[in-house]
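Novice: The structure is given below, and queries will be raised subsequently.
Values quoted throughout were computed directly from the atomic coordinates according to the rules given, and no laboratory measurement underlies them. Since we're looking at a predicted model, the values are computed, not measured. Cβ placement follows ideal geometry from the backbone for every residue including glycine, while neighbour counts extend to all protein chains displayed.
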């Protein structure tokens, strides 16, 4: 299903049955919103509305239809969930999957409420796409782990309270067998954060240096040397999260927004054809995303299909932003003019997005890596030959 039978109230008068309009699940959410007209992140988290697909008490065990209803009612009431993408989308599900009850109750409440922001300490200067070659080490010393190494491309490390960290705890066997998964407080002695400013002028990415950082032993998630398996859980959720509706890793404008911005403009036949093609790609990705959500809510971990959608979504994001620039003209790069000719904040959103979109096919697993996963796990092709053979 695509949720079109669960229209938001502004459309309820158009072909919506009473059964859908007065669905008890919808009425329950509306009643809660009436009682909490300006809910805080903590209110939403305690009600299980931040990640409703998760099991109670963190979510509502919501099926696909219920989740769509909740999304619609929150949108109708102009209620925004807490902004904590790495925490809510990636760290939270992994802690829920492998963490102890104590660890879950220690970290998840403020993670879902957005009170504590999270980052991801995975990639290294020589271990990006080939993450298993990471060299950051973790050595047990009594009741602590001593962490030494460096990470790179760590989004928002400079504002994060916690980070999910992969470090090598053994060099025996295959590289994947000696990695462990930790929770790292970002204010510990020995942590140095250096900003990486991208071509948009923003400071989102960072280098993080860990110089004999001491983590309490109970900050290990799961078992020692089992971190690679947990990393795959995180990365699977990452690819689902990065393939949201917006063209910029689930954020920002969509193909529908581009179409609306072009409405009323004089466009050539070629541009009109490109707009139709772009909108069609957006619809296909929307349906693929619903398939992913359905699988996730049915209890299946995201697999290769998440890589399929992310690879397509990254290129679609660049398609949307490049077409917007083409419609707006070259002035957009200098003056921040949107495809509808609007300047100011809305116009700047498009020119900024065009620059930002260049990172889409690299971040969160490059398009080349995604296609390797698709080839091996979906098409059953042989694995790529190792370079050291």
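Novice: Using just the helices of the chain, give the 222 nm mean residue ellipticity in deg cm²/dmol: DSSP H runs with n ≥ 4 each add -39,500 (n - 2.57), and the total is spread over all residues, rounded to 500. Could the numbers behind the result be given before it?
Specialist: Details: 13 runs with 157 residues, N = 389.
About -12500 deg cm²/dmol.
Novice: So what is log10(I(q)/I(0)) for the chain at q = 0.10, 0.12 1/Å, when the Debye sum runs over its Cα atoms only?
Specialist: Debye output, listed in q order: -0.73, -1.05.
Novice: May I pose another question? Using Cβ contacts closer than 10 Å as the measure, can you line up 156, 181, 97, 356 from fewest to most? Can you show the working numbers first?
Specialist: Details: 156 19, 181 29, 97 15, 356 22.
With the sparsest Cβ surroundings first, the list reads 97, 156, 356, 181.
Novice: For the chain, with a Gaussian network of springs between Cα atoms less than 10 Å apart, report the residue from 38, 256, 206 with the top mean-square fluctuation.
Specialist: Taking springs between Cα atoms under 10 Å, the residue moving most is 38.
Novice: Turning to a different aspect of this structure: Under a plain spin-label model, where a point goes 7 Å from the Cα along Cα-to-Cβ, how far apart in nm are residue 80 and residue 139?
Specialist: Result for the modelled spin labels: 4.6 nm.
Novice: On to the next question. Please build a GNM for the chain, connecting alpha carbons under 10 Å apart, and tell me which residue among 37, 253, 175 fluctuates the most.
Specialist: Comparing 37, 253, 175 in a Gaussian network model of the chain, the most mobile one is 37.
Novice: Rounding to the nearest 10 and keeping the result within 0 to 90°, find how far the Cα-based axis of helix 64-76 lies from the longest principal axis of the chain.
Specialist: 70 degrees
Novice: Okay, next question. For 314, 211, 43, what's the fewest-to-most ordering of other Cβ within 10 Å of each Cβ? Write out the running numbers ahead of the final one.
Specialist: Working: 314 26, 211 13, 43 16.
Fewest to most other Cβ atoms nearby, the residues stand as 211, 43, 314.
Novice: Here is a follow-up. Taking 7 Å along the Cα-to-C-beta vector as the label spot, tell me the residue 172-residue 102 distance in nanometres, rounded to one decimal.
Specialist: A separation of 2.7 nm, rounded to one decimal place.
Novice: Now for a different question. Please give the FRET efficiency for residue 287 paired with residue 38, using the beta carbon to beta carbon distance and R0 = 35 Å, rounded to the nearest 0.05. Kindly include the intermediate steps, with their values, before the conclusion.
Specialist: Numbers: r = 34 Å, r/R0 = 0.98.
My answer for the efficiency is 0.55.
Novice: Using a Gaussian network for the chain with springs between C-alpha atoms less than 10 Å apart, which of these wobbles most: 255, 204, 311?
Specialist: 204
Novice: Right, next: Could you tell me the extents of region 91-158's C-alpha atoms along the three principal axes, largest first, rounded to whole Å?
Specialist: The Cα atoms of region 91-158 stretch 34, 31, 23 Å along the principal axes, largest first.
Novice: Tell me the angle of helix 304-328 to the major Cα principal axis of the chain, expressed in degrees between 0 and 90 and rounded to the nearest ten.
Specialist: Here the helix axis deviates by roughly 50 degrees.
Novice: I would also like to ask the following. Would you mind estimating how fast region 118-224 diffuses translationally, via Stokes-Einstein at 25 °C and 0.890 mPa s with the Kirkwood radius over Cα pairs, in µm²/s?
Specialist: Values: Rh = 13.9 Å.
In µm²/s, the coefficient is 177.
Novice: Kindly state, as a whole number, the per residue volume in cubic angstrom of the convex hull around the alpha carbon atoms of region 34-105. Provide the component values of the computation, followed by the final result.
Specialist: Numbers: hull volume 6.6 nm³, N = 72.
Per residue, the Cα convex hull of region 34-105 comes to 91 Å³.
Novice: Of all beta bridges DSSP finds with both residues in region 119-185, what is the antiparallel percent, to the nearest 5? The partial results should precede the final answer.
Specialist: On the way: 13 of 17 bridges.
Around 75 percent antiparallel, to the nearest 5.
Novice: Another question, if that's okay. Angle check, please: helix 227-241 long axis (alpha carbons) against the longest principal axis of the chain (alpha carbons), in degrees 0 to 90, nearest 10.
Specialist: On a 0 to 90 degree scale, this one is about 10.
Novice: Something else now. Sort 44-52, 339-347, 192-200 for me by packing, meaning the mean count of neighbouring Cβ atoms within 10 Å per residue, highest on top. Let's see the in-between values first.
Specialist: Details: 44-52: 21.7, 339-347: 15.9, 192-200: 12.6.
Most protected by this proxy first, the peptides run 44-52, 339-347, 192-200.
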